[in-house]
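The structure appears below as structure tokens.
The values are calculated or read from the model by the stated rules, or taken from the named source; none is laboratory data. Just so it is clear, the model here is predicted, and its values are computed rather than measured. Quick reminder, even Gly has a Cβ in these numbers, built from the backbone with ideal geometry, and neighbours come from all protein chains shown.
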Amino acid sequence: MSLPPEPDLGTIRFRPPITHRKFRDRKWLHLLLFLLTLWSTTYVGVFNYLSYLGDFGRRSAETTLAGGLWYSLTILGILGAHEFGHYIMCRRYNVDASLPYFIPLIFPQSWGIPIQIGTLGAVIRIREAFPTRKALFDIGVAGPIAGFLVLLPLFFIGLAMSDVVTVPKNIPLINLGEPLLFKAGVWLMFGHVPTGSTVNMHPIVFACWFGMLATALNLLPFGQLDGGHIVYATRKAWSGPISIATVGLLLTMTLFTFSFLIFTFLLVAMLMIFGVRHPSVIYEDEPLPRNRYWVAAFALAMLILCACPIPMEVIFPNAPTPPAASQPSK
């Protein structure tokens with residue numbers, strides 16, 4: 001009796017056992033959080049629309065729920081595009097991940113928060129290790145690019161619905177910092193804005209401004225932020241030192257503005273909990289394709305265009321100059 005031939009082990013591909021089904025989610029929870037965030041951003045959007053129609057208090061305006069949707073649908077569109085950019089790439093590389101979790105947030109008026117956003121953003125949960133540096137890079141960069149591509153046309157649509165007005169006297173205003181992209185858009189649409197005037201922003205523009213801020217923060221080269229993924233995939237050895245330098249830069253910025261205080265606190269907490277080292281990918285030795293370095297350069301350009309050193313501050317435009325103190329008589 002003859003024995004069967006031995007199998008050619010070189011032709012057999014072994015796969016790790018499947019321990020769980022991937023991409024399983026409690027869809028009702030994601031939908032509930034989305035609806036709550038839609039409500040919170042629409043609520044905030046109503047007041048943004050009222051401020052826009054009121055022309056800094058010079059005109060009366062009525063609040064409408066539909067008016068709030070200008071802001072809420074824009075900001076949810078930008079955030080949703082960002083997170084689904086990550087999610088779609090996770091599906092492409094078969095890296096188990098959750099659907100986006102949208103996070104609603106409204107501060108009580110008694111807290112005196114000068115500006116309301118209506119959301120803390122959105123996140124996805126990645127449940128397993130990245131297989132290669134290429135997968136890590138593509139998943140990390142896909143979110144900022146997707147959000148930016150949605151943000152850019154909406155920004156110019158919103159500017160077309162805005163106008164330049166004279167700043168009213170002695171009324172405290174929230175002065176939003178202007179990223180380079182914001183400055184360029186305003187110059188293209190309105191030219192030079194004269195001193196004493198400002199852009200009366202349509203709620204779409206305000207949502208896009210927040211989208212720029214969120215894009216820049218996510219692209220910071222730190223830890224497991226999108227920018228941290230990009231740095232690890234392209235320059236693994238630099239990942240830790242650059243993360244520490246990023247935290248140091250933000251700590252320095254808090255000396256000039258409190259706008260970064262909460263985000264800086266979160267980064268410091270992440271540094272203390274997870275450490276400075278980025279998690280390794282499974283196949284560390286697989287090289288990153290050269291064309292990804294061009295995409296990394298585009299991500300750096302997005303960071304530069306969307307970054308804002310001082311996001312916001314309260315100002316009193318056209319306030320009278322206090323008289324000089326009188327000199328004591330001899």
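Does LEU267 meet the test of being aliphatic (A, V, I, L, M), in contact with a Phe, Trp or Tyr (Cβ under 7 Å, 6 or more places away or on another chain), surrounded by 13 or more Cβ atoms within 10 Å (Cβ to Cβ) and modelled with pLDDT of 80 or more? Against the criterion (aliphatic (A, V, I, L, M), in contact with a Phe, Trp or Tyr (Cβ under 7 Å, 6 or more places away or on another chain), surrounded by 13 or more Cβ atoms within 10 Å (Cβ to Cβ) and modelled with pLDDT of 80 or more), LEU267 qualifies. Checking every residue in the range 284-292 against the condition of being within 18 Å of PRO221 (Cβ to Cβ), in contact (Cβ under 8 Å) with a residue 60 or more places away in the chain and not in a helix (DSSP H, G or I) gives at least one match.
Of all residues in the range 215-252, which are among the aromatic types (Phe, Trp, Tyr) and over 20 Å from TRP294 (Cβ atoms)? Within the range 215-252, PHE222 is the sole residue that qualifies.
It is to be established whether one or more residues within the range 101-118 are within 22 Å of ALA307 (Cβ to Cβ), free of Cβ contacts under 8 Å to residues at least 60 places away in the same chain, surrounded by 19 or more Cβ atoms within 10 Å (Cβ to Cβ) and aliphatic (A, V, I, L, M). Looking through the range 101-118, none of the residues is within 22 Å of ALA307 (Cβ to Cβ), free of Cβ contacts under 8 Å to residues at least 60 places away in the same chain, surrounded by 19 or more Cβ atoms within 10 Å (Cβ to Cβ) and aliphatic (A, V, I, L, M). Annotation note: of ILE244, ILE273, ILE262, ILE204, the sole residue that is surrounded by 19 or more Cβ atoms within 10 Å (Cβ to Cβ) and among the aliphatic types (A, V, I, L, M) is ILE204. Note on the range 124-171: residues that are under 21 Å from the mean Cα position of the chain (by Cα) and closer than 16 Å to TRP70 by Cα amount to 10.
Take the conditions (1) in contact with a strand residue (DSSP E or B) (Cβ under 7 Å, 6 or more places away or on another chain); (2) free of Cβ contacts under 8 Å to residues at least 24 places away in the same chain; ILE126 misses just one of them, which is (2).
Of all the listed residues (ALA146, ALA142), the sole one being of a type in the set (Gly, Ala, Ser) and free of Cβ contacts under 8 Å to residues at least 60 places away in the same chain is ALA142. Among the residues of the range 280-314, those identified as loosely packed, with under 14 Cβ neighbours inside 10 Å, over 18 Å from the mean Cα position of the chain (by Cα) and not hydroxyl-bearing (Ser, Thr, Tyr) are ILE282, GLU284, ASP285, GLU286, PRO287, PRO289, ARG290, ASN291, TRP294, ALA297, VAL314. Determine whether the range 233-247 contains at least one residue that is among the hydroxyl-bearing types (Ser, Thr, Tyr) and touching a Lys or Arg at 6+ places or on another chain (Cβ under 8 Å). Yes, the range 233-247 has at least one match. Checked against (1) in contact with a Ser or Thr (Cβ under 6 Å, 6 or more places away or on another chain); (2) of a type outside the set (A, V, I, L, M, F, W, C); (3) closer than 26 Å to LYS183 by Cα, GLY227 meets all criteria but (1).
Okay, residues lined up against (1) in contact with a helix residue (DSSP H, G or I) (Cβ under 6 Å, 6 or more places away or on another chain); (2) over 28 Å from ARG290 (Cα atoms); (3) among the acidic types (Asp, Glu); (4) part of a strand (DSSP E or B):
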| site | (1), (2), (3), (4) |
| --- | --- |
| TRP70 | yes, yes, no, no |
| ILE75 | yes, yes, no, no |
| ILE106 | yes, yes, no, no |
| GLN116 | yes, yes, no, no |
| ALA129 | no, no, no, no |
| PRO144 | yes, no, no, no |
| PHE148 | yes, no, no, no |
| ASN175 | no, yes, no, yes |
